[in-house]
Amino acid sequence: MPEIIPAVSVVIPVYNCGEMLEKCLRTIRSQSFKDIEVIIVNNGSTDGSDEVARRFAEEDERFRVVDFEHGSAGEARNYGISLSRGEYITFVDGDDRLSKWCIEKLYHGAKDNDADISVCGFAYFFQNKNGIKKSFRMSDKVLSSESALKLLLGDMKLRFYLWGKLWRKTLFTDNNIRIPDMYYEDAAVTPQLFYFANKVVLVDHYGYYYTRAFSRYTEVSMSADRINDYINTIPIMRLFFEEQGCYQKFKKHLNMHIFHVYFAVPSMVKQCGSDNKKSASDNIRDARAKVRLCMKVSYERLKKLDLSKPVVE
């Protein structure tokens, strides 16, 4: 009997998602679009999340749980991609939720337009207020790869998040794209996927509910590692565009991302608290100096920079 290949693979990295995982998996199980496989990558959970995931796998043959204890959420997603069989892939974080029609809307948006990527709107779910704020709505539209990438780099009308999107699997496999092991991995890899896409479809539907602990960004935990990785998204993007021979085409739009990073640094440093080795003013100075360096230095010198060396400590 021939193997039945699902249309969409849903990849969920899970690490100690607590009671939110049950709600997440319920919304996936109840999707109006049934032709899916659900790959739950248990990334070393210790709070019973793996038991919740295995119960869903026992109750629904479309679900399966694989154990992966070797890296970040990005590496867990890479592992899920390697196991996926669907033509398309969508990512869901284990503490988030989908609308009932999310995958159906994304799939038909991509399939009906022969697009490599489809994107839906999303809303925030704030735990501290137990409420939903609809924030990012899309209008139905088909965009060229270039137009979509220019919008994406502004990170406003299109956001870098890997979730809330449907990706043709061959974008990853044919272009040897892997999600990096870092914070803000979305910003590092999503522009690459948009660059290689044939078309990008925007879908007018609030399909994804992104869980945040607080309704104020300044209450989100921060660390020096997070800030250093955020800064490193700039050279990663520039190096990619340089290698594709299109840096000048996208330079103006990349500057929008640089602007966001440059002016976010002081707030991020202040959120680190008193654990830093250097003073806040020194960290801000050095972080901003690296941002400027990564844009002014030549491509050849940029390739030789040690991005692993922290400037915020």
Q: Name the residue, out of 223, 267, 279, that is modelled with pLDDT under 95 and touching a Cys at 6+ places or on another chain (Cβ under 7 Å).
A: 223
Q: Say whether the condition of being at pLDDT below 95, buried (at least 16 other Cβ atoms within 10 Å of the Cβ) and in a loop (DSSP other than H, G, I, E, B) is met by at least one residue in segment 121-136.
A: no
Q. Can you name the helices (runs of 4 or more DSSP H) wholly within segment 5-112 that have at least 1 residues being buried (at least 19 other Cβ atoms within 10 Å of the Cβ), out of contact with any helix residue (DSSP H, G or I) (no Cβ under 9 Å at 6 or more places or on another chain) and at pLDDT 95 or above?
A. 19-29, 73-83, 102-112
Q | Segments classed as helices (runs of 4 or more DSSP H), wholly inside segment 201-313, with at least 3 members that are buried (at least 17 other Cβ atoms within 10 Å of the Cβ) | A | 224-244, 247-271, 280-296
Q) Residues 97, 64: which one is in the same structural domain as residue 12 (by TED's automatic domain parsing) and touching a residue at least 60 places away in the same chain (Cβ under 8 Å)? A) 97
Q. Out of all the residues in segment 158-185, which are part of a helix (DSSP H, G or I) and surrounded by fewer than 20 Cβ atoms within 10 Å (Cβ to Cβ)?
A. 170, 173
Q: Could you figure out which of (1) of a type in the set (Asp, Glu); (2) modelled with pLDDT of 95 or more; (3) crowded, with 16+ Cβ neighbours inside 10 Å isn't true of residue 155?
A: (2)
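The values are calculated or read from the model by the stated rules, or taken from the named source; none is laboratory data. Nothing here was measured: the structure is a model prediction, and the numbers come from that model. With ideal geometry, Cβ positions are generated from the backbone for all residues, glycine too; neighbour counts draw on all protein chains shown.
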